[in-house]
Amino acid sequence: MCGVSMLFMRSLEAYERDIFIQPKFLSKFQPQKSLSRKVQQNIIFTGSGDSLVSAMLAEVFSNYQVKSFDPLDLLKNKYILKNNKIYFISISGNTVSNIKVAKMTKKSTAITSNPQSKLANVCKASIILRFPNSNVFTSGSLSFLESALTCISLVTHISIPKNSGIFKKALNDVKKCTFGKRVFVLGNMHTFPLAMYCAAKIYELLGFDAHYERIEQFAHMELFSVTKGDTVIIFEEKNSHNKKLVKNLKHVGLNVIHPQIKFKNKIVQLLYYVYFSQLLSLFEAKKRRKKECHFILAKQLRNASNAMIY
């Protein structure tokens with residue numbers, strides 16, 4: 001990618017660039033000072049899309065001291081806002097639902113990359129994300145990683161591993177994967193929001209039929225909608241429960257991908273599954289000789305999305 005002007009960079013190339021500079025960016029990442037446990041009891045994180053994933057991760061990493069909500073839930077139930085401080089996560093800072101809720105709150109902080117945005121102007125304070133921006137409209141990768149780690153650092157002390165092997169492990173594992181146009185991504189606790197993020201990248205880059213669910217709930221519900229040849233991706237270290245699940249899924253003709261990294265550290269696991277999610281959709285798009293992300297080419301769908309988001 002060296003020597004290519006960013007002015008002429010296509011969305012898939014920009015996405016790839018953002019993914020591969022993440023390990024270097026992490027060496028410069030500055031965590032926030034963690035909020036006290038007492039303060040966390042009156043904290044809510046909210047956002048949409050990738051930003052909701054960041055909010056959900058904050059909730060899990062706080063041991064459920066803080067809460068995460070969809071902004072429309074906050075908009076429709078003002079009681080939830082009472083006596084709580086709200087952290088609004090929005091890379092652009094221009095998502096309309098966040099802005100409407102922010103106008104209703106007395107204590108608010110925007111987590112955004114745009115200090116001049118409508119959200120930043122409405123909120124009482126801002127945390128500005130400073131990831132390097134290629135200025136090419138593409139799917140969120142580096143922006144998501146910084147927002148997720150920023151939110152997590154607000155609820156617990158984190159140390160960013162300097163081990164470049166995490167990215168290499170994800171890269172090597174993805175190269176061994178094959179999947180079709182129907183995918184189910186499963187997770188638990190801190191990996192469930194990442195399953196949601198993985199599905200989002202499949203939607204945005206490929207336009208495939210992807211689903212995300214908790215491991216336990218999948219066996220009760222979505223399993224009855226699968227057909228032979230569908231792919232199930234499990235984001236959880238091996239244990240007796242998911243070994244049994246893998247065996248049973250393969251027995252009914254499903255393709256199972258069970259990526260994992262042998263570290264107990266949850267930040268290491270988070271980084272691995274984020275990288276894996278990003279690279280999985282990237283490599284499949286490249287196999288199909290795509291130059292643009294699916295959501296860039298699906299103009300009518302993007303227009304409908306923009307009409308609701310902004």
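A few notes on this one:
- Taking the chain as a Gaussian network of alpha-carbon nodes connected by springs under 10 Å, the highest mean-square fluctuation of the residues S281, S34, S143 belongs to S34.
- Taking amide H positions as modeled 1.01 Å from N, with prolines and chain starts lacking one, the residues under 5 Å from R182 and 5 or more places away or on another chain are T231.
- Pairs from the table (K181/K290; K181/K262; K24/K169; K38/K85) lying more than 19 angstrom apart at Cα are K181/K262.
- For the chain, the longest principal axis of the C-alpha atoms and the axis of helix 191-206 are separated by about 80°.
- Charge tally in the Cβ shell below 14 Å around T46, where Lys, Arg are +1 and Asp, Glu are -1, T46 excluded: +3
- To the nearest ten degrees, helix 142-155 and the longest principal axis of the Cα atoms of the chain are 60 degrees apart.
- Excluding ligands, DNA and RNA, the accessible surface per residue across the chain is 50 Å² with a 1.4 Å probe.
- Charge sum, other residues only, whose C-beta stays under 12 Å from R17's C-beta, Lys/Arg counted +1 and Asp/Glu -1: -1
- Proximal charge balance of H251 [Cβ under 15 Å; K/R count +1, D/E count -1]: +4
- Stretching R130 away from N248 to a fully extended chain increases their span by 38.0 nm, per 0.36 nm per residue minus the current alpha-carbon distance.
- Rounded to the nearest 10 degrees, the angle from helix 299-309 to the longest Cα principal axis of the chain is 40 degrees.
- Simple spin-label estimate for N63 and M308 gives 3.7 nm between the two label positions (7 Å along the Cα-to-Cβ direction from each Cα).
- Amide H contacts of V256 (H built 1.01 Å from N, under 5 Å, at least 5 apart or other chain): V232
- Evaluated at q = 0.11, 0.25, 0.27 Å⁻¹: base-10 log I(q)/I(0), Debye formula over Cα of the stretch 242-305: -0.47, -1.00, -1.05
- Stretch gain in nm, segment K286-K106, where the contour uses 0.36 nm per residue and the Cα spacing is subtracted: 60.1 nm
- Pairs beyond 23 Å (Cα-Cα), from K176/K287; K28/K238; K67/K299: K28/K238; K67/K299
- A DSSP coil position with no more than 14 other Cβ atoms inside 10 Å describes the following trypsin sites (Lys or Arg not before Pro) in the stretch 209-310: K228, K238, K262, K264, R288, R289, K291.
- Taking 1.567 mPa s as the viscosity and 4 °C as the temperature, the Stokes-Einstein diffusion coefficient of the chain based on its alpha-carbon Kirkwood radius rounds to 64 µm²/s.
The values are calculated or read from the model by the stated rules, or taken from the named source; none is laboratory data. For clarity, every value in this text was computed on a predicted model and none was experimentally measured. Every residue, glycine among them, receives a Cβ derived from its backbone with ideal geometry; neighbour counts consider all protein chains shown. Remember, those area values only see protein heavy atoms, side chains included, never the ligands or the DNA or RNA. Shrake-Rupley method; radii C 1.70, N 1.55, O 1.52, S 1.80 Å.
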